[in-house]
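Following: one structure in structure tokens, then a few remarks.
What follows is calculated from the coordinates using simple rules that are stated; it is not laboratory data. Everything numeric here is computed off the predicted structure, so don't read it as measured data. Counting neighbours? That spans all protein chains shown, and the Cβs are built from the backbone with ideal geometry, glycine included.
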Amino acid sequence: MNPVRTVDDLTGPRPLPMVGNLVQMRTDRAGHRVYDRWAHEYGPTYLLRFGKMPIVVSGDGPIVEAVLRDRPDGFTRTRVGPVLESLGVDGVFGAEGATWRRLRKMAARSLSGAYLRDYFTAVARSAARLHARWTAAAQAGAPVDVLDDVRRFTLDVSTALAIGHDLNSLGTAGDGLHSRLAELFPEVGRRLYAPVPLHRFVTLPRDRRREATIREVGALVRERHAQARARMATGAAPATFLEALVAPLDDEREFTHEELVGNVLTMMLAGQDTTSSLIAWTLHHLAEDPDTQERVRAEAATVLREFGPPADPAALRGLRHTDAAIQESLRLRPVVPVMGFRPTRHTVLHGTGYDLSLPAGQSILLLLSHGARAVPDPDEFRPKRWFGTMTAQPFFPFGAGPRFCPGHNLALLEATLVVGLACRDFRMAPDGGKVGEKLAFTAFPTALRLRPQLRPEAAGATRR
Ligand code: HEM
């Protein structure tokens, strides 16, 4: 039997009067790195104070997994639900209880493997546009803002699957809906980590712009709604998330317009920032590691023989080096490193070395990927470690249990295609300058510019 520890038994960094540990947490823009350092110093489960409020933090594999699996009844998400609601983005991610169960079925259905083939048309179309953009940059000898370009790509894909609309942000300049949404999404992180919820008391110009953006998405949803209903009335299978939301159900009320908009925005948000960070980090690490980039290039040249994106996602199977580079990037640069939860009742969690007793309502922050650091030379980018037996502690970049990320297959498909095509046709070279990392709900690279240089074979193909 493990000994039992209570919240009061936990140690952690010494809190300052009034503010607790809030100041120490702000020593790094990538806040999760601070959490990881403390886990190293105080053990994988430790205590922080936000002001006077005690917050348990845990990166202990068994505890993280137990919390993730005990949902929706045992644990709920903290803060993110109300924050998303305050922004008009309330949907499946922030929902709990019966509402979540209903929405989850629809989200899982529209993102299931059966539909990936259909989505692949949209994924391949957007990948071709990204490729054209980087070809133009290579021909002009210009660097590319990788994260911005890839965010356009992932937004186009998630908008296509959410409502069947081709946003084509890769084809437009900075004034498209893409650039307005770019203002909305960081606000989630800002409100989530703000020590004082200023947005409740002050309306800033950016809040008014955000409301206008939501009205714009609302107009798009309204435009698509009638078509979606008409198609679902024929008994056809839903082909988009919106269609799944409006498909007739015997025993449930219909969703209101605001609920539809909130859910569509949730899907756009969940699919955009996450996957774009993964792709951008992978390309960054490959640019810094020309040998691995060459291995990815060589296999992509064999597997993806046609010049453009392949017509069938099955073609991507067998990109082993690409896949290992993506996994290693996710290990080194977790996209969703921290998530907050709260038990609905008194709970004892079985941890490593001791069990942890949590009273109902006690906040616990999970370091989803802390286990990923338990490998030799954890800060080194070594995709090859994925070919042997990984000895890391369990880690959960896509969550686990009933709320496991329903978009993970789509995310990996998008990442494999973009990384494979980029390395096949371009030598992705660093542009100099220091690349940073920032946490704003998702963790992403900052100031990441690369110089794509067209490879001779690809240069020939573009002229044909
Ligand atoms: C690298 C890419 C991605 C990462 C790292 C990621 C990570 C996550 C994580 C950690 C969660 C929380 C899981 C949990 O609570 O157990 C989540 C939930 C979710 N993700 Fe993803 N995600 C990615 C891509 C996507 C994509 C492409 C979509 C859809 C277009 C998507 C849609 C969702 C949705 C709807 C949820 C909420 C599920 C629920 O609460 O039931 N994600 N994701």
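Data overview
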| quantity | calculated |
| --- | --- |
| Between region 1-28 and region 315-333, the Cα center-to-center distance that results, in Å | 36 |
| 5 angstrom amide H check on PHE75, placed H, neighbours 5+ away | THR344 |
| Within the chain: Cβ-based charge dipole about Cα centre, in debye rounded to nearest 20 (Lys, Arg +1; Asp, Glu -1) | 400 |
| Distribution of pairwise C-alpha distances over region 141-253, 10 Å bins, in % | 12, 33, 29, 21, 5, 0 |
| Percent antiparallel among DSSP beta bridges (both partners in the chain, rounded to 5) | 85 |
| Values of log10 I(q)/I(0), in the order q = 0.12 Å⁻¹, for the chain under a Debye, Cα-only, solvent-free model | -1.11 |
| For region 380-464, with +1 on Lys and Arg beta carbons and -1 on Asp and Glu, the positive-most of PHE441, LEU454, MET428 along the dipole | LEU454 |
| Low-density loop positions, trypsin sites (Lys or Arg not before Pro), region 257-342 - DSSP coil, at most 12 other Cβ in 10 Å | ARG305, ARG317 |
| Bins of 5 Å from zero: percent of alpha-carbon pairs in region 230-371 | 2, 7, 10, 11, 11, 11, 13, 13, 11, 7, 3, 1 |
| Relative contact order [Cα under 8 Å, 6+ residues apart], region 344-424, whole percent | 20 |
| Separation between Cα centres of region 362-427 and region 179-198, rounded to whole Å | 25 |
| Selection from ALA98, VAL56, LEU111, by position along the positive dipole direction of region 1-141 (Cβ) | LEU111 |
| Selection from ALA239, THR203, PRO44, by position along the positive dipole direction of the chain (Cβ) | THR203 |
| Cα-centred dipole magnitude for region 176-218, charges only on beta-carbon of K, R (+1) and D, E (-1), debye, nearest 20 | 80 |
| Euclidean distance of C-alpha centroids, region 70-129 and region 255-274, integer Å | 8 |
| Most to least packed among 1-10, 224-233, 285-294 [average Cβ atoms within 10 Å] | 285-294, 224-233, 1-10 |
| Amide H partners (placed H, <5 Å) of ALA429, local residues excluded | ARG451, GLN453 |
| Global form of region 1-62, assessed from the alpha-carbon gyration tensor, a/c cut-off 1.5 | oblate |
| Sequence-distant lysines (8 or more away, or on other chains) whose Cα lies within less than 27 Å of LYS438 | LYS52, LYS384 |
| Shape call, region 346-464: gyration tensor on alpha carbons, a/c limit 1.5 | prolate |
| Region 60-216 shape via C-alpha gyration tensor axes, a/c threshold 1.5 | oblate |
